[in-house]
1. Quick one: which of W389, W378, W410 is of a type outside the set (K, R), in contact (Cβ under 8 Å) with a residue 40 or more places away in the chain and farther than 21 Å from L321 by Cβ?
2. Residue check, C185 against (1) in contact (Cβ under 8 Å) with a residue 24 or more places away in the chain; (2) on the phi > 0 side of the Ramachandran plot, all met but one. Which one?
3. Just to be sure I understand, how many residues within the stretch 131-152 are modelled with pLDDT of 85 or more, under 30 Å from K238 (Cβ atoms) and among the small types (G, A, S)?
4. Are there any pairs, at least 6 apart or on different chains, whose C-beta atoms fall under 7 Å, with the first in the stretch 300-311 and touching a residue at least 60 places away in the same chain (Cβ under 8 Å) and on the phi < 0 side of the Ramachandran plot and the second open to solvent by less than 30 Å² (accessible area, probe 1.4 Å) and among the polar types (S, T, N, Q), and if so, which?
5. Mind counting the residues in the stretch 367-400 that are more than 29 Å from A356 (Cα to Cα) and assigned to a helix (DSSP H, G or I)?
6. Please enumerate the residues belonging to the stretch 354-392 that are surrounded by fewer than 18 Cβ atoms within 10 Å (Cβ to Cβ), touching a Ser or Thr at 6+ places or on another chain (Cβ under 9 Å) and within 30 Å of A182 (Cβ to Cβ).
7. Tell me which residues, restricted to the stretch 338-355, are part of a helix (DSSP H, G or I) and either modelled with pLDDT under 85 or among the charged types (D, E, K, R) (or both).
Amino acid sequence: MTTPTALPAPTAGRVLPVLGTLLAALLCALTFGATPASAHAALTSTDPANGSVVRTAPQRITLHFSEGVLLNADSIRVLDPAGERVEQGGPEHVDGKSDSAAVALRAGLADGTYTVAWQAVSADSHPVAGAFTFSIGAPSKTTVKATATVTEVDPAVEVLYDTGRYAAYAGFVLLVGGCVFAGVCRSSRPVQRIAVGGWITLFASTAALLLLRGAYTSGKGLGDVLDLALLGDVLATKPGAALLSRLLLLSAAAVFLAVLFGSYAREDDDRTRGERRDVAYGLGIGGTVVAVGLAATWAMAEHASVGIQAWLAMPVDVVHLVAVAVWLGGLAALLATLRSGEPLGRAAVVRFSRLAFASVCALVATGLYQSWRQVGSWDALTSTSYGRWLLIKAGLVIVLVGVAYFSRRWTARLTDGPEPKKTKSARPAAQKVTASQKVTASQKVTAAAKGGGSDSAERAAQLARQRAALEKAAGKRERDADENRSGLRRSVGAEAAVAVVLLAVTTVLTGTQPGRAEAEQQRAASDAAAPAATGPAEVRIPYDTGGTNGRGTARITLDPGRSGRNTLDVAVTDAAGRPVDVPELEVSFTEKAKEIGPLRATLERRSGGRWQSTGFQLPMAGEWQLSLTVRTSDIDQVTEIKNVKIN
């Protein structure tokens, strides 16, 4: 690490006004224009199933999700046809599995249609909710509307929460990138403003997210943001603990900033070169620990912490976040230095160029792994929201790398020698005028100060401002005179503009349901919708009782072949295919996995060789075991078993 140069006096100019305006515009556009993020934990199955009819009241309601969820006392509500709640006790995970939830029901529930409304927090910190119905005995009218029972996030809370998430990412990038640039490349007042501004942004946004999270996940309004009960519930969850840990780490980051831009940045102290080197090593180690810890607060509470290979995904996500911050935050620091006119040697720019190249390599490697893990298939790249946002992000990265190529070319042309002169006469004349202006202004300030009095002090302050303006104008002329530095400043500015868009897209991507989960949810929805189009379920079962005329075939049709009421039709034919009456015929269904049944059908003879049962009830979808018993004489009888899928 090189020793930073001494800090210059603060200037009154604003750093990166155009970039700041662009960032604000993009955040507002994404906040108010983006559609709400899809659910992150998909509901994969329920018991009883959605729309099913059960003969007797179940003892409890069970839900299964595509990933783990966090529950609270009001996560599952069961409403009878009149809208009264009938659950008993609070919800809990089944057998300790976080991807399930169950709640017990009161005994003696009457027949009718019941509505189950559920809400939870996905393990990657996003709220999810939904509703479904089932019936006991037979369907009935209900006063409950399923859509009305779903708790939605308050729009104002959602806008503020999303804005806080964007600001937190931006603050992390500026804080880490600014500090790395100051330690490895060059420390200056503009770089200090970048890093300190990032710290303030990250701290304020994290505190806001901690207060907003309770209302965000429970559907409360802005008036409940300061509810201590909600705050206590948030702190008991993984995302809440991550936000609190981030605030504690930012306290350590404040001490790091004070040392990096304070005593360590001054070269005129009494420490020896060896002592400064020891401090530099300490800052490097401590800064790395703080940066990794801050990145881990995202990795441990969002997408990386759930799904396949979480043990590998979390450290990969930390590397990805730190690489983003070093590259994009360093770009902001470099642009701030170039725009301020601060002296910046070629060696410092070359060091950042190498650092940025290493960051890009890390981003590509970690990004490819994250893309595979979150998307899962080529088809999901275009068929899911996450995949489409990922393609946009990849395109922006390619554009950013292309612009960075031109920045590297300008960097190769930089020199630390004297600046080239435009003409033989114009440049010296400008310098001579500037010098005389500086001397005159200085003399006026000194004379005014000797005069004393309030008028003299006011005059001295006015002359001091004039001198500062002249020095700023002279510095701008000197800065713009170097064609290579002007070209580098323009290309870095273009990089920073693309980086702002990239950061905003990345933030939206973290709030979008991963492609794997969305594809699984689409398949589940497709499977749920399939029964309406599949039609009746039909099974042909050959039988042989062993006696005279004991061979034949039974064709069993279940219409519509779904859970609930069905018409069961049985047609029996002999070995020659002719309809045949048999002395005894019995059909039953058993669901082995759920330990339901056997459910025997009451068959009535309709015609020769044909029996039927109307209103036969199957309580749920699944693989049912169909048992057919045929008796052809007093002693000849056989039972055949075959599986049938009920949707």
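1. Numbers: W389 fails: farther than 21 Å from L321 by Cβ; W378 fails: in contact (Cβ under 8 Å) with a residue 40 or more places away in the chain.
Result: W410 is the single residue among W389, W378, W410 that is of a type outside the set (K, R), in contact (Cβ under 8 Å) with a residue 40 or more places away in the chain and farther than 21 Å from L321 by Cβ.
2. If we test C185 against (1) in contact (Cβ under 8 Å) with a residue 24 or more places away in the chain; (2) on the phi > 0 side of the Ramachandran plot, just (2) comes out false.
3. Result for the stretch 131-152: 1.
4. If the second residue must be open to solvent by less than 30 Å² (accessible area, probe 1.4 Å) and among the polar types (S, T, N, Q), the pairs left are A301/S125; E302/S125; E302/T510; H303/Q374; H303/T510.
5. Residues that pass the stated criteria total 6.
6. Passing the criteria: none in range.
7. Narrowing the stretch 338-355 to residues part of a helix (DSSP H, G or I): 338-340, 346-355.
Of everything in the stretch 338-355, those that are part of a helix (DSSP H, G or I) and either modelled with pLDDT under 85 or among the charged types (D, E, K, R) (or both) turn out to be L338, R339, S340, R346, A347, A348, V349, V350, R351, S353, R354.
Matching residues to (1) in contact with a Ser or Thr (Cβ under 8 Å, 6 or more places away or on another chain); (2) among the aromatic types (F, W, Y):
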{"position": "L79", "(1), (2)": "yes, no"}
{"position": "V94", "(1), (2)": "yes, no"}
{"position": "S100", "(1), (2)": "yes, no"}
{"position": "Y114", "(1), (2)": "yes, yes"}
{"position": "S122", "(1), (2)": "no, no"}
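The values are calculated or read from the model by the stated rules, or taken from the named source; none is laboratory data. Remember, it's a predicted structure, so these values are computed and weren't measured experimentally. For neighbour counting, all protein chains shown are included, and Cβ atoms are generated from backbone atoms with ideal geometry for every residue, glycine included. Keep in mind that these areas ignore ligands, DNA and RNA; they rest on the heavy atoms of the full protein, side chains included. Shrake-Rupley method; radii C 1.70, N 1.55, O 1.52, S 1.80 Å.
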